[in-house]
């Protein structure tokens, strides 16, 4: 999911901004935007085996609704100040910090980063002299997401920076090292002084330190609702900064950040416009800005800044609409959290369905075919994929539902024709394979035109 998958900073933030944005929630969290939506939340958690979901809704530039449903882990209720791991929703925070330094004339979006830092893996490649902050924030570095995923196991330029789009966490880590080298300060020190303290983000850290309250942490859970073996940041190694995905925060704190962004983030009009302008076109209704994905073609000529996060046991998302000063933030602590946050955004926010469609729905969908119940039932069963995960296929009306592995059960599979199915979201297709007797024996997952997973049928209906 491209999903997965934001920006802010001005060194001159002072106590006044802290007062403006470090507001109290006591008088602002009582309104219920949609009681019917709230009544469904626990049902969604149960259906998709997600222990907890935190929801923040912003209206008129203020946090009007904050609530955390469910449990940190079995038997432990989740408080409204639950600490969530938010994965890639870390990136917009680092981006805004960087842009604030640009606004203060202490950093340059288009200056080559080799002036401050060169990763040892690319020091002999002349392309490192072309890499800039703009390339990193617009995901045009030439790097894969993580060097461990590259065939060489090293950081490698697969193409010249600025010539091709490719989502990369490595780019943000490269930027972190350059910032720390120039300012002789850690990302933690820079963020604390420029963002977290001025905005009153008291429960936000890049790693698990002695000040974090583990009794409020939303433990990570798999797609069956079982707690992950190494389930806390302390156990799982989040003891150091990763500028692409290690942020630990609360719904309240991230909403403060989002409100700050919608109010301009202390950036000049020109720099803010650069942040929200199209760096790379990604779809009919959305594009890549500087760190943020930008969703366009909304009612009243509105647009939204969007980012999501996805790690094992972590699925998060946020939308912020700068023109109307509205937004929604949803954090979950389960592998199937995508299913929950899609439902929450779609039903808690009046234009939520439009936001989701414009961000994730494929613009080139085939026509839906109608298959008989007998044919549909033939696909139902349990499949074992190449990674050792059980994939469950059930019948849902005239469609199929998929659950298990990396599949959340939210997106239905619709028939294009017999044995060929598609999701409306995320441009994913599936093909079923039959044996010589006509029995379904295998499921193939196809994304971006390539096979990304296969699963053998091990049990029928």
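For region 427-461, the set of residues classified as on the phi > 0 side of the Ramachandran plot and buried (at least 16 other Cβ atoms within 10 Å of the Cβ) consists of 427 only. The helices (runs of 4 or more DSSP H) found wholly in region 292-400 and carrying at least 1 residues that are over 30 Å from residue 252 (Cα atoms) occupy 373-377. In region 327-340, the residue that is surrounded by the most Cβ atoms within 10 Å (Cβ to Cβ) out of those that are modelled with pLDDT of 95 or more and within 22 Å of residue 288 (Cβ to Cβ) is 329. Here the condition is being outside the structural domain of residue 162 (by TED's automatic domain parsing) and either within 30 Å of residue 417 (Cβ to Cβ) or in contact with a helix residue (DSSP H, G or I) (Cβ under 6 Å, 6 or more places away or on another chain) (or both); of 353, 368, 315, it holds for 368 alone.
Kindly establish whether residue 72 is modelled with pLDDT of 95 or more and part of a strand (DSSP E or B). Taking the combined requirement at face value, the residue satisfies it.
The requirement of being part of a loop (DSSP other than H, G, I, E, B) and modelled with pLDDT under 90 is fulfilled somewhere in region 240-262, by at least one residue. When region 171-191 is filtered for residues that are within 22 Å of residue 249 (Cα to Cα) and either within 20 Å of the chain's Cα centre (by Cα) or assigned to a loop (DSSP other than H, G, I, E, B) (or both), the ones remaining, listed by number, are 172, 173, 175, 176, 185, 186. Filtered by the rule that a residue be assigned to a loop (DSSP other than H, G, I, E, B) and farther than 26 Å from residue 259 by Cα, region 43-64 gives 48, 49, 50, 51. Of everything in region 149-170 that's at pLDDT 95 or above and assigned to a helix (DSSP H, G or I), which residue is nearest to residue 310 (Cα to Cα)? Only one residue fits best here, namely 169. Here residue 344 passes the criteria (1) on the phi > 0 side of the Ramachandran plot; (2) not assigned by TED's automatic domain parsing to the domain that holds residue 428 except the one numbered (1).
Residues that are assigned to a loop (DSSP other than H, G, I, E, B), surrounded by fewer than 24 Cβ atoms within 10 Å (Cβ to Cβ) and under 26 Å from the mean Cα position of the chain (by Cα) within region 83-109 comprise just one, 109. For residue 40, the conditions (1) part of a loop (DSSP other than H, G, I, E, B); (2) farther than 25 Å from residue 196 by Cβ all hold with the exception of (1). Would you confirm whether any residue within region 397-416 is over 30 Å from residue 319 (Cα atoms) and surrounded by fewer than 15 Cβ atoms within 10 Å (Cβ to Cβ)? Yes, region 397-416 contains at least one residue that is over 30 Å from residue 319 (Cα atoms) and surrounded by fewer than 15 Cβ atoms within 10 Å (Cβ to Cβ).
Flag: residue 63 does not match the condition of being under 17 Å from residue 255 (Cα atoms), at pLDDT below 95, assigned by TED's automatic domain parsing to the domain that holds residue 204 and crowded, with 16+ Cβ neighbours inside 10 Å.
Of all residues in region 313-326, those that are modelled with pLDDT of 95 or more and on the phi > 0 side of the Ramachandran plot total 1. For region 115-130, a residue qualifies if it is farther than 26 Å from residue 195 by Cα, touching a helix residue (DSSP H, G or I) at 6+ places or on another chain (Cβ under 8 Å) and buried (at least 16 other Cβ atoms within 10 Å of the Cβ), and the qualifying residues are 118, 119, 121, 122, 128.
Under 23 Å from residue 448 (Cβ atoms) and over 19 Å from the mean Cα position of the chain (by Cα): is that true of residue 377 in this structure? Spelling it out, it is not the case that residue 377 is under 23 Å from residue 448 (Cβ atoms) and over 19 Å from the mean Cα position of the chain (by Cα).
The values are calculated or read from the model by the stated rules, or taken from the named source; none is laboratory data. Please read all numbers here as calculations on a predicted model, not as lab measurements. Ideal geometry is used to build each Cβ from the backbone, glycine not excepted, and the neighbour counts take in all protein chains shown.
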